[in-house]
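The structure appears right after this line, and notes come after that.
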Amino acid sequence: MPVIQRSIRVGWELRVFFTENVFAPDNPVLRDVLADAGPRKSMVVLEDSLAQALPELEHQIEKYFAAHAGLKLVCPPLFVCGSETAKNSPTIVSEIQSHIDRHHIDRHSYLIAIGGGALLDVAGFAAATAHRGVRHVRIPTTTLSQADSGVGVKNGLNAFGKKNFIGTFAPPFAVINDFNLLATLEPQDKRGGYIEAVKVACIRDAKFFDELERDAEKLAAFEPDAMKNLIRRCAELHLDHIATSGDPFETGSARPLDFGHWAAHKLEQLSHFRITHGEAVAIGIALDVLYSRNISLLEAGSAARILNLLEKLGFKLFADELLNADNANLMAVLSGLEEFREHLGGDLSITLLKAIGQSVEVHEMDQPKILAAVHELRGRGK
């Protein structure tokens with residue numbers, strides 16, 4: 001049968017800037033990003049909890065745009081809720097898109113999202129699907145989003161009881177990490193991004209893991225320089241993986257950057273999102289570390305180092321939801337394996353460890369050994 005076939009390649013530039021006081025009128029970073037291709041219109045989506053914590057921020061944003069003649073803010077910042085509430089509500093996407101339409105934000109204009117990872121997911125999805133894609137600038141405001149989700153290429157909404165069932169792959173036009181925006185976070189939210197640093201160190205960089213061990217006490221005390229180093233190196237490793245792994249849009253079945261996430265996503269759902277993403281991933285990593293050890297893939301000493309580091313950073317490694325039973329009287333968390341496989345399609349592909357800094361993909365999981373790891377974590381948490 002006749003066929004016409006061509007290879008279509010798309011090139012992306014993903015830039016992550018590091019600064020402080022991004023909205024100070026004399027800070028050129030945002031101005032230079034937005035003036036990259038000449039004067040353009042901009043619309044700002046701002047997480048409402050951040051606006052409440054920093055009541056002067058809205059005025060600072062408007063003052064910044066007023067101070068730079070080449071920038072045009074089409075309307076006052078749009079306040080949107082964050083956390084999983086945002087990702088569970090498709091009406092928020094419609095609200096953002098209605099403002100994009102009303103204020104004539106086109107494919108050469110900018111949607112600037114300021115907030116945590118969930119808000120960035122929602123705003124990013126709205127940007128990616130309005131006009132088939134308007135330029136999206138992320139300004140993450142949590143350690144988790146500055147170190148991991150905010151510098152990635154995915155957007156997602158929760159649907160049908162599943163994490164990120166609806167979403168897109170759409171790299172942002174730019175990411176601007178402002179360390180000062182982390183100042184109002186509660187301790188658990190400051191700690192949340194640490195887990196992604198442990199994750200990426202475990203699968204890619206043993207030296208970085210050594211540095212995290214060395215700085216564990218400083219990080220647990222939220223010492224600024226240690227936090228800055230963690231965020232920057234973690235973001236760099238995530239970008240390196242996205243740019244060099246050969247599968248940035250997950251066309252295959254493996255996704256090493258989701259090490260520990262098959263159980264984490266299910267735990268979030270089982271707890272009705274009482275367990276935060278960072279807390280859930282810490283438990284998920286601990287579970288997969290013990291499983292790796294239980295199948296003689298990872299040596300016991302390395303497994304102990306990882307669990308000890310997680311605890312030193314302040315993470316709990318067990319939650320009662322791990323023991324929840326489903327209608328068939330099986331541990332409900334185990335259904336996360338099938339949901340994880342189905343999300344990508346193809347074979348089940350789970351990232352495990354054979355050494356700190358070295359990951360491996362497996363395509364089946366032994367349920368009794370998973371249960372043994374769960375019960376070990378339960379005993380460790382007593």
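The values are calculated or read from the model by the stated rules, or taken from the named source; none is laboratory data. Note that the structure is a prediction, hence the values are computed from the model and not measured. Please note: Cβ atoms are built from the backbone with ideal geometry, for glycine as well, and neighbour counts cover all protein chains shown.
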Mind listing whichever residues of the stretch 155-183 are in contact (Cβ under 8 Å) with a residue 60 or more places away in the chain and out of contact with any helix residue (DSSP H, G or I) (no Cβ under 9 Å at 6 or more places or on another chain)?
-> Asn180
Of the residues Ala113, Ala67, which is under 25 Å from Asn180 (Cβ atoms) and out of contact with any strand residue (DSSP E or B) (no Cβ under 7 Å at 6 or more places or on another chain)?
-> Ala67
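From Glu223, Glu196, grab the single residue that is surrounded by fewer than 21 Cβ atoms within 10 Å (Cβ to Cβ) and not assigned by TED's automatic domain parsing to the domain that holds Leu34.
Values: Glu196 fails: surrounded by fewer than 21 Cβ atoms within 10 Å (Cβ to Cβ).
Residue meeting the stated conditions: Glu223.
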Residues of the stretch 219-258 being modelled with pLDDT of 90 or more and not in a helix (DSSP H, G or I), in sequence order, are Ala221, Phe222, Glu223
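Residues checked against (1) under 24 Å from the mean Cα position of the chain (by Cα); (2) buried (at least 16 other Cβ atoms within 10 Å of the Cβ); (3) modelled with pLDDT under 95:
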{"site": "Ala286", "(1), (2), (3)": "yes, yes, no"}
{"site": "Ile295", "(1), (2), (3)": "no, no, no"}
{"site": "Ser302", "(1), (2), (3)": "no, yes, no"}
{"site": "Gly314", "(1), (2), (3)": "yes, yes, no"}
{"site": "Gly336", "(1), (2), (3)": "yes, yes, yes"}
{"site": "His343", "(1), (2), (3)": "yes, yes, yes"}
Consider Leu322 against the criteria (1) in contact with a strand residue (DSSP E or B) (Cβ under 8 Å, 6 or more places away or on another chain); (2) closer than 25 Å to Gly379 by Cα; (3) assigned to a loop (DSSP other than H, G, I, E, B); (4) at pLDDT below 95: it satisfies all of them except one. Which criterion is unmet?
-> (3)
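When residues of the stretch 1-40 are filtered for being acidic (Asp, Glu) and loosely packed, with under 10 Cβ neighbours inside 10 Å, how many remain?
First, the residues of the stretch 1-40 that are acidic (Asp, Glu): 13, 20, 26, 32, 36.
From what's left, loosely packed, with under 10 Cβ neighbours inside 10 Å: 13, 26.
Final tally of qualifying residues: 2.
Are there any strands (runs of 3 or more DSSP E) wholly within the stretch 58-154 with 2 or more residues that are farther than 30 Å from Gly278 by Cβ and in contact (Cβ under 8 Å) with a residue 24 or more places away in the chain, and if so which? Spell out the reasoning first.
Working: elements: 71-73, 78-80, 110-115, 135-140.
Answer list for the stretch 58-154: 71-73.
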Please tell me if Glu342 is acidic (Asp, Glu), without any contact (Cβ under 8 Å) to a residue 12 or more places away in the chain, under 21 Å from Leu257 (Cβ atoms) and not in a loop (DSSP other than H, G, I, E, B).
-> yes
Kindly establish whether Glu196 is assigned to a helix (DSSP H, G or I), of a type in the set (D, E, K, R) and more than 19 Å from the chain's Cα centre (by Cα).
-> no
